[in-house]
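To start, the structure itself, in structure tokens.
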Amino acid sequence: MIRVGLVGYGKAGKAVADVLVQDERFELCWIARRSNKPTATEIPVTRLDKTTFSDWLAQHPVDAVVDFSDSEAVLEYGEALRKHKLMLVSAISCYPPSTLSYMQTLGEDIRVMNSPNITLGINFLMLAARLLRRIAPFADVGIVEQHFRDKSEVSGTAKRIAETLSVDEDEITSLRLGGIIGHHEVIFGFPHQTVRLIHDSIRREAFGTGAAFALTLLATRSTGFYTYEELLLDMLRRELQNDGEVSAAYA
Ligand SMILES: NC(=O)c1ccc[n+]([C@@H]2O[C@H](COP(=O)([O-])OP(=O)(O)OC[C@H]3O[C@@H](n4cnc5c(N)ncnc54)[C@H](OP(=O)(O)O)[C@@H]3O)[C@@H](O)[C@H]2O)c1
């Protein structure tokens, strides 16, 4: 069982907490947030504070920290994680370059993964699209993203997919309709056939299952700074080497 501390208990963090509590491979030991507002759970809550966090960890030991807070929190807890040799799965979507560099230094001493897109489905879609792009560089590629009416900017995930496939960001088609949570589609147009890779987000709990999956993969790795894609690729390589046998480590 992996003992986990969760930083951030907002819209995403609440859903992640629900998933971790229900998954018997994990024990959610505490929640840290900016305030020390109570949560809807009986799990201990602390206000994240750089000066006391190492003591908190000593009294509330965990194996890993999952971060769904904001880009500054890691500067508060990073050194404590280094000291206590804990794993870190960070879902923070956008770190400033200096903070990302700091996280890479954490990777010299502990296992760190950061992913701006933490759902397993989107990471699988990106990997599959990359593979098809490699196999069929001659196919036309289109990217469509659909989100709720009020989302003003182009989806960061769609931009990342475009970058991965060397497609110009201007080629992304965005639709803003009602309450769509998140739809990403990559269309490969061949002369005689069409391949569509589609991912639909249904509930925020997908962030929790994505983080849980990342934790199980990261636990098999040595010290370092990883992306989700790297962990997934490594797993696929191992699976292929095992001739398709499902490894118990990931079951
Ligand atoms: N990678 C992905 O796929 C993915 C998916 C969803 C969200 N995210 C990321 O997750 C983060 C949270 O998103 P959200 O929608 O849940 O936001 P939110 O509703 O605003 O919640 C933010 C939570 O983080 C806590 N927090 C903020 N700054 C903190 C700090 N410096 N130290 C400790 N706790 C802090 C807040 O504490 P209080 O409760 O005390 O205010 C709150 O609980 C964002 O960075 C978002 O980009 C990533």
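Where a number appears in this text, it was derived from the coordinates with a stated rule and is not lab data. Here the structure is a predicted model, which is why all the values come from computation and not from measurement. Don't worry about glycine lacking a Cβ; one is built from the backbone with ideal geometry, like all the others, and counts go over all protein chains shown.
Starting from 0.36 nm per residue, how many nanometres of slack lie between Arg237 and Ala128 once their C-alpha separation is accounted for? Before the final figure, lay out each step's value.
Values: separation 109, 0.36 × 109 = 39.24 nm, distance 1.36 nm.
Additional length available on full extension: 37.9 nm.
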Would any residue of the stretch 110-124 have its amide N under 16 Å from a label point 7 Å out along Cα→Cβ of Lys11? List them or say none.
117-119
Say the dipole of the chain comes from +1 at the beta carbon of Lys and Arg and -1 at that of Asp and Glu; which of Ala219, Val74, Leu233 then lies farthest toward its positive end?
Val74
Principal-axis tilt of helix 228-241 within the chain, Cα atoms, nearest 10 degrees
70
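So if R0 is 22 Å, what FRET efficiency would Asp140 and Glu169 give, r being the distance between their Cβ atoms, rounded to the nearest 0.05?
Values: r = 16 Å, r/R0 = 0.75.
The formula returns an efficiency of 0.85 here.
If each residue of separation counts as 0.36 nm, what is the full-extension length gain between Glu79 and Phe190 once their alpha-carbon separation is subtracted? Working shown, then result.
Working: separation 111, 0.36 × 111 = 39.96 nm, distance 5.08 nm.
Residue separation times 0.36 nm, minus the Cα-Cα distance, leaves 34.9 nm.
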Find how many whole Å separate the alpha carbon centroid of the stretch 184-203 from the alpha carbon centroid of the stretch 92-145.
18
Where does helix 205-218 land angle-wise versus the long Cα axis of the chain, in degrees 0 to 90, nearest 10?
80
Hey, which of these cross-link pairs are over 24 Å Cα-Cα: Lys11/Lys151; Lys11/Lys83; Lys11/Lys85?
Lys11/Lys83; Lys11/Lys85
Take the Cα gyration tensor of the stretch 120-201, multiply each eigenvalue by 5, square-root it, and list the three semi-axes largest first, rounded to whole angstrom.
22, 12, 12
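Show me the chymotrypsin sites (Phe, Trp or Tyr not before Pro) within the stretch 130-221 that DSSP assigns to loop and that have at most 15 other Cβ atoms within 10 Å of their Cβ.
Answer in residue order: Phe138, Phe148.
Please identify every one of the trypsin sites (Lys or Arg not before Pro) in the stretch 47-148 that sits in a loop by DSSP and has no more than 13 other beta carbons within 10 Å of its own beta carbon. Please list the in-between numbers first.
Values: sites: Arg47, Lys50, Arg82, Lys83, Lys85, Arg111, Arg130, Arg133, Arg134; in loops: Lys50, Lys85.
Passing sites in the stretch 47-148 are Lys50, Lys85.
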